[in-house]
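In what follows, a single structure is set out as structure tokens and then discussed.
The values are calculated or read from the model by the stated rules, or taken from the named source; none is laboratory data. Worth saying up front: this structure is predicted, and the values here are computed from it rather than measured. Neighbour counts are summed over all protein chains in view; Cβ atoms, including those assigned to glycine, are modelled from backbone coordinates with ideal geometry. Ligands, DNA and RNA are excluded from the accessible area calculation, which covers all protein heavy atoms including side chains. Shrake-Rupley method; radii C 1.70, N 1.55, O 1.52, S 1.80 Å.
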Amino acid sequence: MEQSGEQQRSDEDYGYGLFPKRKEAKYKKGSVGESLFTFHNKCQLMLHFALETRVCPARCVTHWQCAVCMPPLSTAYQDRHFSCEDCDGTVSGGFDAATSQIVLCQNNVHRQSHMNRVVTHELIHAFDHCRAHVDWFNNLKHLACSEIRAANLSGDCSFGNELSRFNFGFKRHHQECVRDRALRSVLAVRKVTPEEAKKVVDEVFDSCFNDLAPFGRIPHSKNDVKFASRDFQNRDRYYGNL
């Protein structure tokens, strides 16, 4: 069925234009064409590795995932909750709140380290969707807050990543990176002016930057993830023993 002009504009306003395969697939799912002529198979393998075979923030995030949205990784069906698709060249992944499904851009994610960050970034959005009942479509502050948290906790602004982007700085550099990436994300998926996006990011930045759930502190490396996660699990232990 052909979309009406109003529906097409609505999809563009909410960022669906960046994920054209949300509506139709070039190859039949599971076909030989999908395996040979796209990056689908590689994307699935990298996703599996990110979720199952390393100490990845993704496992810590989904440990506290609300079962109504996404069950724990041990019981989740990857085809239901993750979808490898071709996307616009400007994005690496997305969270579709309408279906509670994470989209991984198979044509833009080619390295395992990149996949690990994208999966974790989008799982932070999924975590917020379950925990905080985020109004993605009508409340720009909710969107900006989740983008701040995802940029802060996923490794997007790690020293190594910033070095590879030729971004250097010392004092409050991490905060400025998080602010910048959140701003870019808001502008990518909403039809707002840079001034409007900056205003809303600034309004919620401090509270959302300091909201580190499901970690007790910002995990600064893959080896630090389990300790940051353990800090969150133990956050009430001392008070409980008083």
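Looking only at region 173-194, which residues are closer than 15 Å to residue 150 by Cβ and either in contact (Cβ under 8 Å) with a residue 60 or more places away in the chain or aromatic (Phe, Trp, Tyr) (or both)?
Listed by number, the residues that qualify are 188, 189.
So residue 87 ticks every box in (1) touching a Pro at 6+ places or on another chain (Cβ under 8 Å); (2) open to solvent by 20 Å² or more (accessible area, probe 1.4 Å) but one. Which box is left unticked?
(2)
From the list 131, 149, 117, which one is part of a helix (DSSP H, G or I) and surrounded by fewer than 20 Cβ atoms within 10 Å (Cβ to Cβ)?
Sole residue among the options that is part of a helix (DSSP H, G or I) and surrounded by fewer than 20 Cβ atoms within 10 Å (Cβ to Cβ): 131.
Okay, residues lined up against (1) at pLDDT 75 or above; (2) surrounded by 15 or more Cβ atoms within 10 Å (Cβ to Cβ):
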{"position": "156", "(1), (2)": "yes, yes"}
{"position": "164", "(1), (2)": "no, no"}
{"position": "176", "(1), (2)": "yes, no"}
{"position": "181", "(1), (2)": "yes, yes"}
{"position": "185", "(1), (2)": "yes, yes"}
{"position": "206", "(1), (2)": "yes, no"}
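So which residues in region 90-114 are among the hydroxyl-bearing types (Ser, Thr, Tyr) and crowded, with 23+ Cβ neighbours inside 10 Å?
none
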